[in-house]
Structures are given as C-alpha cells and as structure tokens.
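Bear in mind that the values in this text are calculations on the coordinates, not laboratory data. All values reported here derive from a predicted model rather than from experimental measurement. Reconstructed Cβ throughout: ideal geometry from the backbone, glycine too, with neighbour counts over all protein chains shown.
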Amino acid sequence: MMLKIWKFIADLRLTFWLLLAVIALLVTGALYSKADYHLFERINYMPVSTWFRTLGLPVLAKSWWVPALFTVMTLLAVNTVACAVERLRALWPRRRDMAAPRFLVLMAPSIIHLLFVTIMGGHLLTFEWIEYRRYAVDPGSSIELPDGNLVVVKDIRMENYPETTYLKDRLRNARYILEITGSGGISERALVFLEPLRIGRAFLHTDVTKRTAGVMAEKGATVCNRAEVKSFPSSGPQFYIVYSRDPGLPVIVSLLVVICIVMTWFYVMTMRRVKEA
Amino acid sequence: MFNSYCSCLLAAAITGYAVSLALHVLKLSKAGDAALCLGFLLHTGYTVSAGHLPGIFLALQVFEDPSYMPWAASLVICVNRFRDRSDEGWSLAVVVPLVFAIVALLTPRSMSYFGPNKLTAWATFYFVTEFFSHASFFVGAVLAALFLAGKAREGSYHRCLVWGFVAYTVSHVVGSIWCFLGWAATFQWVHVHLKAAALWVFYANYLHLRYLPSWNERNRAWYAAAGAILLAACRYAI
C-alpha cells in the first residue's frame, strides 16, 4: 500500500498534471490581479497569511487562487523531491560501474531539481516573513527604522533628463543624502535609485510617485464649504525610502549561483560526451 | 519626419519578409533567402532607430519597442536558415516576423516613461532576453505546426524551444535582480510576474514531455504549437 502511494507520488505523470494546474492558477491569478491591482499588490508589503486573513478572505471569490496555488506548489515540491529520490536510488547501486565524473553528470539533474525546490522554499520565507516599510520623505524628514536606526534625510538632489530631449522635466535619478544614527555611530551616506543601501541585515531602497493634490477642509466642520477648501497643486514628485528585510533573499541568491554553476558544468560535460560519441 | 522615414524602413522590411515567404513557397530558395536578408537589414535599421525617439539614445527604448520581438524572430530564422539550408521549415517560419512586424507598424510609437527604476543594464538585459525568448517560442510553435504538416523536422522546433527556454530562464533571473534593485523584492504579486511565471512553467512542462512514453513526437508538437496561444494571450490579453 505504502509502495503504491510512493510510486504515485514519484510518478512523472503526476508532475505533468501538477505543472498544468500551476499554469492554470498563475494565469487565473494574473487575470484577477489585473482586474483588481490594488488588492493583490498589497501582498508584496505584508506576510501572505496576514494578507489572506485580513484582505483575501472577505473577497474569497477573487482570492481563492492564492491558497490553491500554494497547495499545488506544495504538492509539486513533494513530487519533485520524490522523483529526485527515486532517480538517486536507481543510480546509487550503479556508481561503481562507471567513472565518478559520469556518475556525477547523471546525478546532476536530480541535484538541480532539489536545489530548485529549496529556492522555492526561500521564496516562501520571503512571502511569509519579509519585513517591509515605506516612508514618504522630504528634505529634513527623519524616520526611525524597525531595527532602531534613525535616518535623517538631509537633502534630495534630483536629476532630470537633458533640456534638449523630449523627456525634459522628467526625473532621471535622485540622490538622497542621509544621516544614519545607529549602534555603530553616526554616518552620512548617499542613496540613489537602483543602488540599495545595506544596513545590517536590511536594505534601504528608493521609490517615487506623483505628489497628489491635497484638499484641506476646516477641522471639525460638519459641512464642507467648497469655497473654504484649499487645494495644493502637484509640486514635484513624492520620494520614499523603502526598508526591507528579507530572510529568503540569501537562500535564493546563494542557491541560484550554485544552480548556475552545476547546470553549466552539466551541459559542458554532456556536450563533451556527445562530441566524443 | 524622422518617424515617417523610419516607418518606411519597417514597411520595406515587411515587404522583404512577404516576398521571401512567397519565393520560398514557389521553391525559389536562393532568391527567398536574399529577400529575407534584405528584410532583416531594413528591420535592424528601424529597430535601432527606436532608441533615438526620446531625442537621446536610450538602449532600453530599442528593446522595448514592438519591433524588437519580430526582429529577434528574424535573427533566429536567418541564423538557422544558413546553418541548415536543407530544412525548409525555417524559411516558412518567416511568417512570424512578418505578422509581428505588421503589428509593430500598426502600433503607434511611443516613448515609455523612463523613470529612475528603468535606467539600469539589468532592465535592458531583461527585455533583450525576454523578447528574444518570446520570438523563439513563436518560431518554435510555427515550426511545430509545420512539422505536423510534414514540412519541417522535429529537431528544429525542439531546438528553438530549448534555446528560448534558456533565454527565458536567464530573463527571469535578470528580471528578479532588477526587481530587487528597484522594488526591494525578487518577485511581486502583480499580473506581469504571474503571467511570466505561467509561461516559464508551460515550457518547463514541455521539456519533461520527452520522458513520458505517451507523449510521442506528434503530441509534443501539438503542445509546442499550443504554446503560441498561451504566449499571445499573455502578451496581448492579460
């Protein structure tokens, strides 16, 4: 009985159907995400379980595919590990019948699959345990990060596209001059787009949006007298500092490097063998 | 004026592709190859000109332009056509750059806003590899259909899809680096990332079909051809 269950779990035909299910769920999710961008975009800023409990469950008709996807991916991970174990079990008794490099080449695909499953595990760490904060900042703003560091934005220097181009007056880059106070003392550092700053185990990134017009009504007023309401026209972009601490990132990056090395070695050895044949 | 001049280049390239297809159907292979080369050269000129649209040369603008993907398809066909002139399937696959170049011609040229998060080599490399892989998948799908019709070899479409998958995997890795640098996450729950993941899994599934006895050559070709439908849906409908 157990053998039958194991054979079913380690069957490549099961892999085919699980992959089809993943494709269907991802396409479904893309359609729902496009229809309600704001709802699903919030997943990126909080643990998935928190998102589902607070925002997803009330609209289960739109969010059902998220737990379904996690379920199918878990089954796929189990199936992948089982297939890899079965292949290793079949190869292991034959290891003395062939040269060591040949044996390693035959084992490589299974090792790559196991590494891939571990990378998926790294993504799961990210989805569930990422710490993410977004702070709107202007020159002079000060923010206290979750890890206790204090960041003062001394200046934000904007760089626009050249005046001679059609993109003039559009933001090309910005440099934040930051004063960071932490356990290591006070330091002044620069933060620019696409060059995140590392502070301990966390990273600081930049972000920018259009500054929206503000409408102010008199505090405590029960009637909105439009003649008294002031609006502020957009006055330059709104800059943000994004704080992120991602426990899955080291897992993903390190194993990705290992996979690239193993795959390159595997294909070089295979091509060599094909040429010799 | 500049745009009108460049559109003429693309129109001429489309004419070259159409003439090439017609000549290959009429079994005039050498003339067909010459027309294909001419179309490719004109297409290259048009695609490169996209970089100058904002008034400053931006490489990313070249690879984001709708004309880049059919250009990549034309490149794949040219390279393989001259590697193996005996396989007529490659010459008939010119229908891919023909159709998508027409789509590009009908798409108004626009300057994507180059916000700060796009100005990195990672973003450029991402679009280079992603649209190259899309081109390979479309060409592979057409070759699979031609194989089913008895006009191409099985090895052709498989090789095309394998290289497309390698390029697509590279684009995912590069894209995740870009996403982390710009948005503090290697993957985001937005439709762009979700449909890209769906496509990757589709072709990963295709690679496993060779190990399933029930999936013979013809069934694999059907699966490969169906990939064009999913890819077109992801590009234009989702």
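Would you mind giving the mean number of other chain beta-carbons within 10 Å of the Cβ of each residue in A:164-171, as a whole number? Don't skip to the answer; put the middle values down first.
Working: counts 2, 6, 5, 7, 3, 0, 6, 4.
Mean number of neighbouring Cβ atoms from other chains: 4.
For the range B:116-201, what is Rg from Cα atoms divided by 2.2 N^0.38 Å, rounded to two decimals?
Cα-based Rg divided by the globular estimate yields 1.27.
Remind me, what semi-axes does the protein assembly as shown give for its equivalent ellipsoid, largest first in whole Å, using sqrt of 5 times each Cα gyration tensor eigenvalue?
They are 43, 34, 22 Å, listed from largest to smallest.
With only Lys, Arg, Asp and Glu charged, each at its Cβ (+1 for the first two, -1 for the last two), find how big the charge dipole of chain B is about the Cα centre; round to the nearest 20 debye.
320
I'd like the Karplus ³J(HN,Hα) series for the range A:164-178: coefficients 6.51, -1.76, 1.60, θ = phi - 60°, whole numbers in Hz, and an x wherever there's a Gly or Pro.
Running phi through 6.51 cos²θ - 1.76 cosθ + 1.60 with θ = phi - 60° gives 7, 9, 6, 9, 4, 6, 9, 6, 9, 7, 8, 10, 8, 9, 10 Hz.
If Lys and Arg each add +1 and Asp and Glu each add -1, what is the summed charge of the other residues whose beta carbon sits under 15 Å from the beta carbon of B:Val128? Let's see the in-between values first.
Numbers: positive: B:Lys118; negative: B:Glu64, B:Asp65, B:Glu130.
With Lys, Arg at +1 and Asp, Glu at -1, the net is -2.
Using the Karplus curve 6.51 cos²θ - 1.76 cosθ + 1.60 with θ = phi - 60°, work out ³J(HN,Hα) for each residue of the range B:34-50 in order, rounded to whole Hz, and write x for Gly and Pro.
With the stated coefficients, the range B:34-50 comes to 5, 5, 4, 4, 4, x, 5, 5, 5, 4, 4, x, 5, 5, 5, 5, 4 Hz.
Please list 3J(HN,Hα) in residue order for the range A:111-125, calculated via the Karplus relation 6.51 cos²θ - 1.76 cosθ + 1.60 where θ = phi - 60°; whole Hz, with x for glycine and proline.
For the range A:111-125, the Karplus-derived couplings read 5, 4, 5, 5, 4, 4, 4, 5, 4, 4, x, x, 4, 5, 4 Hz, x marking Gly and Pro.
Can you tell me the Rg and Dmax of the range A:1-94, counting just the alpha carbons, in angstroms?
Calculated on Cα positions, Rg and Dmax stand at 17.4, 55 Å.
Taking H as built 1.01 Å from N, whose amide H comes closer than 5 Å to the amide H of A:Asp207, not counting residues under 5 places away?
A:Tyr240, A:Val242
Within chain A, which is the longest segment containing none of the trypsin sites (Lys or Arg not before Pro) that sit in a DSSP loop and have at most 12 other Cβ atoms within 10 Å?
No qualifying site falls inside A:1-200, the longest such stretch.
Divide by every residue of the protein assembly as shown the summed helix terms, -39500 (n - 2.57) for each DSSP H run of at least 4, and state the resulting mean residue ellipticity at 222 nm, rounded to the nearest 500 deg cm²/dmol.
Working: 18 runs with 309 residues, N = 515.
Here the helix-only value at 222 nm equals -20000 deg cm²/dmol.
Between helix A:65-91 and chain A, what is the angle of the helix's C-alpha long axis to the longest principal axis, kept within 0 to 90° and rounded to the nearest 10?
Orientation of helix A:65-91: about 30 degrees from the principal axis.
For every other residue with a beta carbon closer than 14 angstrom to the beta carbon of B:Ala185, add +1 if it is Lys or Arg and -1 if Asp or Glu, then tell me the sum. Walk me through the intermediate numbers first.
On the way: positive: A:Arg42, A:Arg133, A:Arg134, A:Arg245; negative: A:Glu41, A:Glu128, A:Glu131, A:Asp207, A:Asp246.
Value of the local net charge: -1.
Show me the chymotrypsin sites (Phe, Trp or Tyr not before Pro) within the range A:164-201 that DSSP assigns to loop and that have at most 12 other Cβ atoms within 10 Å of their Cβ. Could the numbers behind the result be given before it?
Working: sites: A:Tyr166, A:Tyr176, A:Phe193; in loops: A:Tyr166, A:Phe193.
Those that pass, being in a loop and sparsely packed, are A:Tyr166.
Place +1 on the Cβ of every Lys and Arg and -1 on the Cβ of every Asp and Glu in the range A:71-210, take the dipole about the Cα centre, and give the residue among A:Val78, A:Pro109, A:Leu125 whose Cα lies farthest towards its positive end.
A:Pro109
Please give me the summed charge of the neighbours of A:Leu12: other residues whose Cβ is under 14 Å from its Cβ, Lys and Arg +1, Asp and Glu -1.
Numbers: positive: A:Lys7, A:Arg13, A:Arg87, B:Arg210; negative: A:Asp11, A:Glu86.
Taking every Cβ under 14 Å from that of A:Leu12, the sum is +2.
Of A:Lys168/A:Lys210; A:Lys62/B:Lys195; A:Lys34/A:Lys168; B:Lys27/B:Lys151, which pairs sit farther than 22 Å apart, going by alpha carbon to alpha carbon? Provide the component values of the computation, followed by the final result.
Values: A:Lys168/A:Lys210 16 Å; A:Lys62/B:Lys195 17 Å; A:Lys34/A:Lys168 31 Å; B:Lys27/B:Lys151 13 Å.
Check vs 22 Å cut-off fails for A:Lys34/A:Lys168.
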